[in-house]
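Worksheet: one structure, shown below.
The values are calculated or read from the model by the stated rules, or taken from the named source; none is laboratory data. Every value quoted in this text rests on a predicted model; they were computed, and no experiment measured them. Because the Cβ atoms are built from the backbone with ideal geometry, glycine has one as well, and the counts that use them run over all protein chains shown.
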Amino acid sequence: MKTFTNRNPESVGHAVSIARDAIGGGRSVVFAGGGTDLLQLVKERIPNRPGSGAPDVIINLKGIAEMNGVSRRNDGGLAIGGLTSLSAVSANTDVSARYNAVAEAAVSVATLQMRNVGTIAGNVCQRPWCWYYRNGFDCFKAGGNQCYSVSGENQLHAIFGGGPSFIVHPSDVAPALVAFDAIFRVAGSNGERRLSADEFFVLPRDDARHENVLADDEVLVSIELPAASGNVRSGFRKLMDRATWTHAVGSAAVALDMDGDTCRSASIVLGGVAPIPWRVEAAEQMLAGQTITAELAEAVGRAAVEGAQPLAKNRYKVPMTQRLVERTVLAVAG
Amino acid sequence: MAVDPMKTLGQDTPRVDAYERVTGRATYNRDIKLPGMLYARVLRSTVPHAMVRRIDTSKAEALPGVRAVMTHETHKIPYGSGSISGGRQYSDPHKDITTRLRYTFNEHVRYVGEPVAAVAAVNRHIAEEALQLIEIEYDELPFVMDVEEAVAAGAPEIWEGGNIAHDSENRQQPIGGQTGDLQAGFSEADQIFEERFTTAFIQDAQLEPRSSLAHWEGDKLILHTPTQGVSNCRHDTARDLGLEDHQVQVVCKYMGGGFGDKNGNYYFDLIAAAFARDLGVPVMVELSRKDDWLGTHGRWHTVQDYRVGVKDDGTVTAIEVNGKSGMGPYLRRSGNVSGMDVYACENTSKAILPVHTNRMVSGNFRAPAYPQGYFAISSMMDDVAYKMGVDPVQFALKNMVRPTETKQFTNYALDQCIAMGAEQFDWQRRWNPNPGSAEGPIKRGAGMSFMMFNARLGASSAIVRAASGGRYTVYVGVTDIGPGAKTTMSMLAAETLDVPLSSVDIVWGDSDRCPYSVGESGSRCTTMTGFAVVEAARDLKRQIDERGLPTGDDVLIASATPAPSTNGKLREGFGAHFAEVEVDTQLGDVRVTKYLTVHESGRILNPLPALDQIRGAVIQGIGQALKEDVLYDTNTGHPLMTGYYFARHLTHLDVPEIENTFIETDDGYGPYGAKTVGESGIIIAPATIANAVYNAIGVRMKDLPITRDKILEAVA
């Protein structure tokens, strides 16, 4: 492991100023939440920030009280501090009552030990679990100029939104947050930004090296969930290559705003199949104003994979995703 | 003949060292601290095939805290002395004639992960930091990852003379041979079936990352290293360093799993020994988890082409297999595939070529030649049974090996294992005569397989001592990799001496203090070393009967080195496995919903760990069937699935309840009739799962592991 400096700021402003000063002095910086993944990367000398090598300074956010916990907002929504552990997110009754898909996604992550330590911001911002990046290849994600999966082993790679990098976004909670139109509150040297999912996550065609717009000195402070009506039912389903402790081969977060048996509107966001949480609007629209039947759910599944562009070794993900959407919609509709 | 529990043997007995292990008092290799010791790390090749053109260690040497750097330029130490290593039972004579000498560091590097340098420093962090400062330039060579391509014309030569591995006489010829008359067997057949099966390379993946601590007392090397066989490790190390056996002491008290890959020495033992000799202080070489994946051995991957002739009445008349095993660039173990001898068919031909590639090195992994061999032949025969319209259980009972005039067994229980398993599993109810015909997307199916595994007898030694106060000490060269050998050896002595287990102490895991043991490999520890314990204990009991228990400082000592034989009879353990799976044909998930095994392993000396051995082995087998792989990027020659995360090892939540019944017998051989347990449980687990998947979906899965992508492609 490369030698680094550890800093323990007590406020977001302090954290950002440490980062700004270090970067100004030519030193590379990363922010640590739970650190469950970050320290692995540091040990293996895999660049956490593309092109910057192992970090010189690790800014440990754990002492920042304002970033921890779930609070109710005046507009009826919730604010989830970036440092809130995944266990705390899934156990929070405000989350599970109105945003069940978020709670289900949080509890699906990794293992209990990691959920107790790992944070929601860390889960959203973790680097890809592509086996090229994680094995030290100098790919886009490490700061290089190619994606090795294109002509290599792409069984677990993107079927939507890929190119020139074909990673899949590794977060389980992100699709659920996006299904509820979450706002990502970011703080940095240039002040604070409140970003929608469309603004926060970036496709590789816009920036192949990063998964989101966070600058080197920016922190994901909190995630805001807009008010959700009591008629919204939601759920999250994750397919894994073993029963636990792995990322999604594909996941679906579904939120249905119901009026009796009729679906007023629907959100369907996929994980594990695209470089960002992947919203399937055409499929969502098919549900609006409809009574959800097995036949409709099947059609919604088909619509969800419309336009999929599989690689040589991940064609299986297309029918898999189709059925995953179909079944999750049916399960949530009850 | 059924057996009754004895006073000590046959009673559920917790491990004698359970308390030390679970309270953290057991001293594993990395726990050992010696005054003034240094720590060493190994730098590994980042290219699959190259000549090292230039290696510059000056910056690493200049780093404060670094004591020495070692490369192929400074140290030319043979490793495995150029041949299959692993002690006396392997091919010592070949080490004198081999033309394919492997060194601890090779100028000609042949796989990603091959050691190219090592650094010793005052702590592990400086050693690791120094590795980053070593500059290497390679002249890269073309590489080959696939066994078929490796033997094709024009393939890059990993060794001069081609990529087929040398046998013990430097010949490049297949493993196997013929029995009966193959052509006559095919002529007799009404139908002939052909299929190709492949199995993946998988890592042993034991929990304890490896390390080796060496120090010298004069011209004697003391080596603390996690090995399954202190005797074999001593012999290998002495041989590689040009020492006599008595100049090497190997100590291994506790280890975190072995699974077959640790019987014998390793290159890092030699690095530790050389650093310690050069620097005059103890040196511990440590492997990181990733090192442990790249720089050790796993199960050889295979391609197996089967051809089987069958008569209309379902009798198999001919079996032919031609295959290739991927050994990586160095031959560590045989590359054989097994399984054919569980069938009665007398007309057979087997030809398996061990092939070198630029992948990581293959070695022994729990029943080294068996799970991949049984997967292929059992899948093949299962397929034939369906094609002939015969229930696989009936096909098994018709075609399995049985005792004949020329093929005699010390006892035979294969029919009983299959019949009992089928009944307990409720085969008739769970098995679907029309594979894949179940309604709905989630399809259930049932599969079975059956096996036998040699319960060898052979030479091993033990010493048993009586002291005053009724204390007894057993000296055995075992290291206890998991099956509980220390406990078993103590129980055998207690039973034979007719004393309580609590009066028996054990001295183990030290080649200076313990006599020769084959070590924990080939499931032979109980049958060989255990037999020696019984013989020595009997001798001691006779001495005590004649002279009375020793008093004061007196002791009585007995030793034994028996080399029992079965007088030409086959001594086999038998087993049958049955599994039920649910396959989600839309999502590709496979869930094992029931797993039931019946094993005949002779007398079960300690039922508690015996059951754990079967269960642990089945779990590994299910992993091999459905999950595990070490996939390579064939464009760059780099492995992609390194570590527990990517290699997809099963978690507790993936594992079903595994029910097992032991049919206990005493065939009059071995220690109180004990046979083998440790490896038996893994042998047919992949085959059983694969056959169940076929029964569920109606498509034969011929390539391990049977992953989601393959299932969804198959049913698409």
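Kindly indicate whether B:GLY326 is small (Gly, Ala, Ser) and either modelled with pLDDT under 95 or closer than 25 Å to B:VAL699 by Cβ (or both).
On the way: small (Gly, Ala, Ser): yes; either modelled with pLDDT under 95 or closer than 25 Å to B:VAL699 by Cβ (or both): no.
No.
Against the condition touching a residue at least 12 places away in the same chain (Cβ under 8 Å), over 22 Å from B:LEU353 (Cβ atoms) and over 24 Å from the mean Cα position of the chain (by Cα), how does B:ASP139 come out, does it pass? Break it down stepwise before answering.
Working: touching a residue at least 12 places away in the same chain (Cβ under 8 Å): yes; over 22 Å from B:LEU353 (Cβ atoms): yes; over 24 Å from the mean Cα position of the chain (by Cα): yes.
Criteria met by B:ASP139.
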**Report entry** Of residues in the stretch A:260-276 being touching a Gly at 6+ places or on another chain (Cβ under 9 Å) and more than 19 Å from A:PRO310 (Cβ to Cβ), the one surrounded by the fewest Cβ atoms within 10 Å (Cβ to Cβ)
**Finding:** A:THR262
Query raised in the report: Exactly one of (1) away from chain A (no Cβ under 14 Å); (2) modelled with pLDDT of 95 or more is unmet by B:ALA563. Its number?
Result: (2)
**Report entry** Of residues in the stretch B:586-610 being buried (at least 17 other Cβ atoms within 10 Å of the Cβ), outside any loop (DSSP other than H, G, I, E, B) and among the hydroxyl-bearing types (Ser, Thr, Tyr), the one nearest to the other protein chains (Cβ to nearest Cβ)
**Finding:** B:TYR595
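Against the condition buried (at least 22 other Cβ atoms within 10 Å of the Cβ), within 11 Å of another protein chain (Cβ to nearest Cβ) and either over 21 Å from the mean Cα position of the chain (by Cα) or free of Cβ contacts under 8 Å to residues at least 12 places away in the same chain (or both), how does A:GLY301 come out, does it pass? Break it down into steps so the answer makes sense when it comes.
Working: buried (at least 22 other Cβ atoms within 10 Å of the Cβ): yes; within 11 Å of another protein chain (Cβ to nearest Cβ): yes; either over 21 Å from the mean Cα position of the chain (by Cα) or free of Cβ contacts under 8 Å to residues at least 12 places away in the same chain (or both): yes.
Judged against the criteria, A:GLY301 is a match.
Residue-by-condition table, conditions (1) in contact with a helix residue (DSSP H, G or I) (Cβ under 9 Å, 6 or more places away or on another chain); (2) surrounded by fewer than 21 Cβ atoms within 10 Å (Cβ to Cβ); (3) of a type in the set (Asp, Glu); (4) on the phi > 0 side of the Ramachandran plot:
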| residue | (1), (2), (3), (4) |
| --- | --- |
| B:ASP391 | yes, yes, yes, no |
| B:ALA396 | yes, no, no, no |
| B:ARG402 | yes, yes, no, no |
| B:GLU405 | no, yes, yes, no |
| B:PHE409 | no, yes, no, no |
| B:LEU414 | yes, no, no, no |
| B:CYS417 | no, no, no, no |
| B:ALA422 | yes, no, no, no |
| B:ASP426 | no, yes, yes, yes |
Report summary line: Out of (1) within 22 Å of A:ASP37 (Cα to Cα); (2) in contact with a helix residue (DSSP H, G or I) (Cβ under 8 Å, 6 or more places away or on another chain); (3) within 12 Å of chain B (Cβ to nearest Cβ), the one A:GLN155 does not meet is (1)
Query raised in the report: With the stretch B:69-180 as the region, which helices (runs of 4 or more DSSP H) entirely inside it contain at least 3 residues that are assigned by TED's automatic domain parsing to the domain that holds B:ARG234?
Result: B:92-97, B:124-132
Query raised in the report: Which condition number in (1) closer than 18 Å to A:PRO175 by Cα; (2) more than 13 Å from chain B (Cβ to nearest Cβ); (3) free of Cβ contacts under 8 Å to residues at least 24 places away in the same chain is the one that A:ALA283 fails?
Result: (3)
Report summary line: Within the stretch A:127-139, the residues that are more than 10 Å from chain B (Cβ to nearest Cβ) and more than 19 Å from the chain's Cα centre (by Cα) are A:ASP138, A:CYS139
Query raised in the report: How many residues are within 17 Å of the chain's Cα centre (by Cα), aliphatic (A, V, I, L, M) and more than 14 Å from chain A (Cβ to nearest Cβ) if we restrict to the stretch B:611-642?
Result: 3
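Can you name every residue in the stretch B:435-449 that is touching a residue at least 12 places away in the same chain (Cβ under 8 Å), surrounded by fewer than 15 Cβ atoms within 10 Å (Cβ to Cβ) and not hydroxyl-bearing (Ser, Thr, Tyr)?
Step one: list which residues in the stretch B:435-449 are touching a residue at least 12 places away in the same chain (Cβ under 8 Å), which gives B:435-438, B:441-449.
Pick out the ones that are also surrounded by fewer than 15 Cβ atoms within 10 Å (Cβ to Cβ) and you get B:437, B:441.
Residue satisfying the conditions is B:PRO441 alone.
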Query raised in the report: Among the candidates B:TYR694, B:TYR645, which residue alone is farther than 26 Å from B:GLU520 by Cα, assigned to a helix (DSSP H, G or I) and away from chain A (no Cβ under 14 Å)?
Result: B:TYR694
Query - the stretch A:223-246, residues that are more than 18 Å from the chain's Cα centre (by Cα), more than 26 Å from A:LEU195 (Cα to Cα) and crowded, with 18+ Cβ neighbours inside 10 Å - result: A:ASP241
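Say we look at the stretch A:112-137 and pick out the residues that are in contact (Cβ under 8 Å) with a residue 40 or more places away in the chain and among the charged types (D, E, K, R); which of these is nearest to B:TYR632 (Cα to Cα)? So that I can check it myself, show each step before the final result.
Here is the first cut: in the stretch A:112-137, the residues in contact (Cβ under 8 Å) with a residue 40 or more places away in the chain are A:114, A:117-129, A:133-134, A:136.
Checking which are among the charged types (D, E, K, R) leaves us with A:127, A:134.
Details: A:ARG127: 22, A:ARG134: 14 Å.
Taking the candidates together, the pick is A:ARG134.
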**Report entry** Test for A:ALA103: is it free of Cβ contacts under 8 Å to residues at least 24 places away in the same chain, buried (at least 23 other Cβ atoms within 10 Å of the Cβ) and not in a loop (DSSP other than H, G, I, E, B)
**Finding:** yes
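Restricting to the stretch A:4-47, name every residue that is assigned to a loop (DSSP other than H, G, I, E, B) and of a type in the set (D, E, K, R). Write out each step before concluding.
Keep residues of the stretch A:4-47 that are assigned to a loop (DSSP other than H, G, I, E, B), which gives A:4, A:8-11, A:25-28, A:33-37, A:45-47.
Those that are assigned to a loop (DSSP other than H, G, I, E, B) and of a type in the set (D, E, K, R): A:GLU10, A:ARG27, A:ASP37, A:ARG45.
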Query raised in the report: In this structure, is A:ALA215 hydrophobic (A, V, I, L, M, F, W, C) and touching a residue at least 40 places away in the same chain (Cβ under 8 Å)?
Result: no
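Yes/no per residue for (1) in contact with an Asp or Glu (Cβ under 9 Å, 6 or more places away or on another chain); (2) of a type outside the set (Val, Ile, Thr); (3) within 14 Å of chain A (Cβ to nearest Cβ):
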site: B:TYR672; (1), (2), (3): yes, yes, no
site: B:ILE684; (1), (2), (3): no, no, no
site: B:ARG700; (1), (2), (3): yes, yes, no
site: B:LEU704; (1), (2), (3): yes, yes, no
site: B:ILE711; (1), (2), (3): yes, no, yes
Query - Residue in the stretch B:650-661 that is surrounded by the fewest Cβ atoms within 10 Å (Cβ to Cβ), counting only those that are more than 8 Å from chain A (Cβ to nearest Cβ) and part of a loop (DSSP other than H, G, I, E, B) - result: B:GLU657
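Got a sec? Which of B:ALA150, B:ALA200, B:ALA155 is within 14 Å of chain A (Cβ to nearest Cβ), out of contact with any Gly (no Cβ under 7 Å at 6 or more places or on another chain) and surrounded by 15 or more Cβ atoms within 10 Å (Cβ to Cβ)? Let's see the steps before the verdict.
On the way: B:ALA150 fails: within 14 Å of chain A (Cβ to nearest Cβ); B:ALA155 fails: within 14 Å of chain A (Cβ to nearest Cβ).
The match here is B:ALA200.
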Query - Condition check for A:VAL213: of a type in the set (A, V, I, L, M) and either closer than 26 Å to A:TYR133 by Cα or surrounded by fewer than 22 Cβ atoms within 10 Å (Cβ to Cβ) (or both) - result: yes
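Residues are listed down the side, and each one gets a yes or a no for (1) modelled with pLDDT of 95 or more; (2) closer than 20 Å to B:TYR254 by Cβ:
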site: B:VAL3; (1), (2): no, no
site: B:THR8; (1), (2): yes, no
site: B:GLY24; (1), (2): no, yes
site: B:ARG41; (1), (2): yes, no
site: B:ARG44; (1), (2): yes, no
site: B:ILE55; (1), (2): yes, no
site: B:SER58; (1), (2): yes, no
site: B:ALA68; (1), (2): yes, no
Query raised in the report: Cβ-Cβ below 9 Å, separation at least six or inter-chain, first residue in the stretch B:529-540 and within 16 Å of B:VAL478 (Cβ to Cβ), second among the acidic types (Asp, Glu) and in a helix (DSSP H, G or I): which pairs?
Result: B:VAL534/B:GLU495; B:ALA537/B:GLU495
Report summary line: All-but-one check, B:VAL583 against (1) within 14 Å of chain A (Cβ to nearest Cβ); (2) surrounded by fewer than 24 Cβ atoms within 10 Å (Cβ to Cβ), failing number (2)
